[in-house]
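A.B. asks: Can you keep this structure in mind? I'll have questions shortly.
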Amino acid sequence: MTEHIIVTGASRSGKSEWAEQLLVSKAANNPICYVAPGNLYPDDASWQKRLDLHRQRRPSYWQLMELEHPHLLLKILDNSSDLANNFLLIDSLGSWVSLGLELTDNEWLAMQAGLLEVLSVRKLPVVLVSEEVGWGVVPATVAGGCFRDRLGSLARACASCCIERWLVCMGEALPLHRLCTTVVGMN
C-alpha cells in the first residue's frame with residue numbers, strides 16, 4: 001500500500017500547515033505539487049486573501065495546480081499523468097466535494113469510487129486535507145446537508161486508503177492511526 005496520509009480538522013485548525021510539513025518530510029528531494037481543487041472565486045476578496053496566505057506559505061519550488069472541475073483530480077492522480085513522479089498535496093477534499101454538488105448521488109458515488117481507485121494504485125504518496133464540517137450546526141439547506149454527508153463519507157473512505165490519519169485541532173496534531181480503533185460499520 002502506498003503511504004498516503006489524510007489530515008482533517010476544523011477551519012483554521014492548522015491542518016494545511018501540518019499536511020505541508022508531513023509532505024516535506026515524505027518527499028525529501030522529490031518534486032511536490034500542491035493540488036487545489038475548487039472554485040477560485042476571483043471576485044471574493046476574503047477568499048483571495050485566504051488563497052494568498054496559502055501561496056505565501058508554500059515554497060516557491062512547489063508546483064501548483066488549481067482545478068475547477070471535479071473530474072480533473074482523477075486525471076492528475078493517475079500514474080500516467082504528467083504528475084506521476086510528484087508527491088501530491090490535495091487541499092482540500094471539501095473544495096473538491098463543492099465542485100461536485102451538482103452531480104446526482106449516483107454520479108457522485110461513481111466519482112468517489114474513481115478517486116479511491118486511483119489512490120489505491122498510485123505509486124507515490126498523496127497527502128489529503130479534509131475539513132470536519134459535521135461537528136457543528138445541522139445545515140439548514142439541502143445543499144448544505146448534501147455537502148456535509150458527501151464530505152463525511154468521502155473522508156472516511158479515503159482514510160481507509162491512508163497509512164497515516166491525523167486530526168488537527170487548535171494547532172495540535174493527533175496521530176489517529178496510533179491512538180484509535182477503527183470503527184467498522186454494519187451493513
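Derivation of every value follows stated rules applied to the coordinates shown; laboratory data play no part. On a predicted model such as this, the values are computed, not experimentally measured, just so you know. With ideal geometry, Cβ positions are generated from the backbone for all residues, glycine too; neighbour counts draw on all protein chains shown.
A.B. asks: Considering only DSSP beta bridges where both residues belong to the chain, give the percentage that are antiparallel (nearest 5).
C.D. replies: So the antiparallel bridges amount to about 15 percent of the total.
A.B. asks: I've got another one for you. Determine ³J(HN,Hα), in whole Hz, for all residues of region 111-125 in sequence, where each value follows from phi through the Karplus function 6.51 cos²θ - 1.76 cosθ + 1.60 and θ = phi - 60°; x replaces Gly and Pro.
C.D. replies: 5, 4, 4, x, 4, 4, 5, 5, 5, 5, 10, 4, 7, 9, x
A.B. asks: Hey, can you rank 6-19, 40-53, 107-120 by average C-beta count inside 10 Å, highest first?
C.D. replies: 6-19, 107-120, 40-53
A.B. asks: Same structure again: Semi-axes of region 1-61's equivalent ellipsoid from the Cα gyration tensor, sqrt of 5 times each eigenvalue, largest first, rounded to whole Å? All intermediate terms of the calculation are to be shown ahead of the outcome.
C.D. replies: On the way: eigenvalues 110, 41, 25 Å².
That gives 23, 14, 11 Å for the three semi-axes.
A.B. asks: Give the residue from ASN39, PRO59, HIS69 lying farthest towards the positive end of the charge dipole for region 16-87; charges sit on Cβ (+1 for Lys and Arg, -1 for Asp and Glu) and the dipole is referred to the Cα centre.
C.D. replies: PRO59
A.B. asks: Excluding GLY9 itself, what net charge comes from residues whose Cβ is under 11 Å from its Cβ, given Lys and Arg +1 and Asp and Glu -1? Intermediate results must be reported in sequence, preceding the final value.
C.D. replies: On the way: positive: ARG12, LYS15; negative: GLU17, GLU131, GLU132, GLU172.
Here the count lands on -2.
A.B. asks: What is the dipole size for the chain, taken about its Cα centre, with +1 at each Lys and Arg Cβ and -1 at each Asp and Glu Cβ, in debye to the nearest 20?
C.D. replies: In debye, rounded to 20, the chain gives about 500.
A.B. asks: Related question: Packing-wise, with mean Cβ within 10 Å as the measure, how do 74-81, 149-156 rank, highest first? Show your work: numbers first, answer last.
C.D. replies: Working: 74-81: 15.1, 149-156: 18.9.
So the order, starting with the most tightly packed, is 149-156, 74-81.
A.B. asks: Hey, which lysines would be in cross-link range of LYS26, C-alpha to C-alpha under 26 Å, not counting anything within fewer than 8 residues on its own chain?
C.D. replies: Cross-link targets: LYS15, LYS75, LYS123.
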